[in-house]
1. From the list A:A18, A:A60, which one is at pLDDT 95 or above, open to solvent by less than 10 Å² (accessible area, probe 1.4 Å) and touching a Pro at 6+ places or on another chain (Cβ under 9 Å)?
2. Give segment A:63-75 a look and list any residue that's at the interface with another protein chain (Cβ under 10 Å from one of its Cβ atoms), open to solvent by 30 Å² or more (accessible area, probe 1.4 Å) and of a type in the set (A, V, I, L, M, F, W, C), or say none.
3. Out of the residues in segment A:138-168 that are at pLDDT below 95 and aliphatic (A, V, I, L, M), state the one that is farthest from A:R75 (Cα to Cα).
4. Can you name the residue in segment B:76-94 that is surrounded by fewer than 20 Cβ atoms within 10 Å (Cβ to Cβ) and more than 10 Å from chain A (Cβ to nearest Cβ) and is also farthest from B:V142 (Cα to Cα) among such residues?
5. When you scan segment A:24-48, how many residues do you find that are of a type in the set (S, T, Y) and open to solvent by less than 10 Å² (accessible area, probe 1.4 Å)?
6. Taking the condition within 18 Å of A:Y223 (Cβ to Cβ), away from chain B (no Cβ under 13 Å) and touching an Asp or Glu at 6+ places or on another chain (Cβ under 7 Å), does A:P249 pass?
7. For A:D313, which of the numbered conditions (1) more than 10 Å from chain B (Cβ to nearest Cβ); (2) at positive phi fails to hold?
There are 2 protein chains.
Amino acid sequence: MTSPFQFQTTHTDGGARAGVFTTPHGEVATPQFMPVGTLASVKALDPEDLTRLGATMILANAYHLRLRPGDAMIRTMGGLHRFMQWDGPILTDSGGFQVFSLEGLRTIAEEGVAFRSHLDGSLQQFTPESVMQIERNLGADVIMQFDHVVPGQSPHELAKVAMERSVRWLERCRVAFDRLQADDTLAPTPVQALFPIVQGGIHADLRRDSARAIMNCGDWVGYGVGGLSVGEAKPDMYAMLDVVNGELPTHRPRYLMGVGFPEDLVEGVARGIDLFDCVAPTRMGRTGAFFTGTGRKNIKNAQWRLDPAPLEDGCTCAGTRFSKAYIRHLFVAEEILGLRLLSLHNVHFLVALMRDARAAVQAGTFAGWSRDWLARYHSSKTMS
Amino acid sequence: MTSPFQFQTTHTDGGARAGVFTTPHGEVATPQFMPVGTLASVKALDPEDLTRLGATMILANAYHLRLRPGDAMIRTMGGLHRFMQWDGPILTDSGGFQVFSLEGLRTIAEEGVAFRSHLDGSLQQFTPESVMQIERNLGADVIMQFDHVVPGQSPHELAKVAMERSVRWLERCRVAFDRLQADDTLAPTPVQALFPIVQGGIHADLRRDSARAIMNCGDWVGYGVGGLSVGEAKPDMYAMLDVVNGELPTHRPRYLMGVGFPEDLVEGVARGIDLFDCVAPTRMGRTGAFFTGTGRKNIKNAQWRLDPAPLEDGCTCAGTRFSKAYIRHLFVAEEILGLRLLSLHNVHFLVALMRDARAAVQAGTFAGWSRDWLARYHSSKTMS
């Protein structure tokens, strides 16, 4: 049987690539930004909004959905796609990041992680095997391995332990995943893809070892790069991407997890990354922050009080009919429409940014485009 | 010059009427429910949502907008229509209800009401004249007089004082309004309509006196009926509508202020009301309550946990693609999309209800339609 997953790189330009990632629920042009719907909802937006702003693939989170409303419940309802009415590709994060963030509430062992729910304190356990079942029940197209995540500034010794454990857990994930693919054929999405996650903190040797160990486990539909944008300095993140870029096979998509900000997306594309996700556009939008080509601004700033212009000239997001003065009023008055409009704008900004990056790669002009884009974006730091 | 305001009754059926109210910003088929955008935003919805669900005329509030962002600011931005990007008719309430609700924060005199802002405690004054200027600056099509509002259960003496003052204030409003229409020709909406408000609490004689006194002041484009649905018993409200219905001229639209619930809309149409408004559909939507043809329900109820059906079978609101199970999950998880979907549904419900009432009047079947509709709606009280 031909796999429903394919990846075709159509253009390369320096380290950057443009391609098409095919999944059971459709194609994703890469590079691509994936909006995050942690709890099966991209906050304040609906599937129609996402389609209109150009999103093609979205995320959900196994940890959060396991706790509420429960992966078994979502399976009963026909899986994530039907539950949240999103017909396009979905990726679920395994919950590793969330579980390991529960400082003081979790116990780590080789078998897995025991933790207390952040909602009701109930005792839970995540193992590579249980997480594969949860992600099977949710039915995303791409599911991430259960991994051991450590803070971005972790010393070599701790990062090494976590990285090596993540490789061992990957092997257990694969066994469980293969068994489920073979036996659990009535799952919402019968054929899924399991992505491994390259770990290793900010230590080049560990990143290299991680990538090689993962590749030694076999071939993978795509590769995650995790444990970045979690507190380390940006130059460290970019250096790790350079290392990983030199190791991973070029004919598979690479997904940089939890990243992020516009400048990081551009830097990531330059280093061979194809897929990104981050809660930033919606989370920041709820606080009044919005992206523009000349940097990040905040709509609550008094300078916009009487500004009749849209959030950004030339923007094509759904909010362009509204003035900054109006959206500022909505925020000051705590009207829900305000945070909805900024969430729309910010998600659109990142999706459109990746569309422009793709076009630049296709045109062979990525180096100049990205240099100019970053210079203009960073110019705001002297302007405001 | 022909007035941009016209009202044509096309059908009558018992006390119910169907017609068309023409304004500078378009036509409104009556009976009609007007969603409320207190602060220049119908909470959680945008103008496109409103158009799609069939709303044709909306409300905003002079008291709230005076305080934030300020009527002068909105005028600078081109008036309410441009500010909030709603091209259809708008009505502004004068703020009488809000000002008189500021128990302990306001001083009532014949000149007007001095009060402290509920936002920052600043001292403000509303007079008939100042309110006409505020509503001129906002630029709605229909503006309401500044009136003296008393609680729904007020004794005869108090209701009489307030009603008589409202008539005196109406005369002052008209003088100020006429002067502004003549002199302030650069206002956002140069030709507006001033609606008087029939007051009198739950006292039939006062309601009759109020209507007659208002009509003695001259002819009006339309008539407001205020001070109802503010704590009095429903039979009292309906009785007052019967009284007012017998007094007001049949060739002008009647607007029942702040009403309301589905059953009250149907009862109101039966008593000659053409226009309604209420915050109930959005306010209740934010708490999980939703209207159905068999009564009001709450999406947080555990009975919907695995329900794959939409909020109501046959509903055509934008949320029908989503299951009750999903929307319940959104509420439990406090996702913004949940309250947005219920707000959409509830506003759509009332707009569609008035569309159905209109069709029944046009078909001459209103009596049977309303009897059946009310019986089915009230049946929920024994069901849940």
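1. On the way: A:A60 fails: touching a Pro at 6+ places or on another chain (Cβ under 9 Å).
Step by step, each of A:A18, A:A60 is checked, and only A:A18 is at pLDDT 95 or above, open to solvent by less than 10 Å² (accessible area, probe 1.4 Å) and touching a Pro at 6+ places or on another chain (Cβ under 9 Å).
2. Within segment A:63-75, A:L67 is the sole residue that qualifies.
3. If we take residues in segment A:138-168 being at pLDDT below 95 and aliphatic (A, V, I, L, M), then A:V150 is farthest from A:R75 (Cα to Cα).
4. B:D87
5. Total satisfying the criteria: 2.
6. Numbers: within 18 Å of A:Y223 (Cβ to Cβ): yes; away from chain B (no Cβ under 13 Å): yes; touching an Asp or Glu at 6+ places or on another chain (Cβ under 7 Å): no.
So A:P249 does not fit the description; no.
7. A:D313 satisfies every listed condition except (2).
Per-residue answers, yes or no, for (1) away from chain B (no Cβ under 14 Å); (2) open to solvent by 10 Å² or more (accessible area, probe 1.4 Å); (3) part of a helix (DSSP H, G or I); (4) on the phi > 0 side of the Ramachandran plot:
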| site | (1), (2), (3), (4) |
| --- | --- |
| A:H329 | no, no, yes, no |
| A:L350 | yes, no, yes, no |
| A:A359 | yes, yes, yes, no |
| A:S370 | yes, yes, yes, no |
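The values are calculated or read from the model by the stated rules, or taken from the named source; none is laboratory data. A quick note: this is a predicted structure, and the numbers were derived from the prediction, not measured. With ideal geometry, Cβ positions are generated from the backbone for all residues, glycine too; neighbour counts draw on all protein chains shown. Just so you know, the surface numbers come from the protein's heavy atoms only, side chains and all, with ligands and any DNA or RNA stripped out. Shrake-Rupley method; radii C 1.70, N 1.55, O 1.52, S 1.80 Å.
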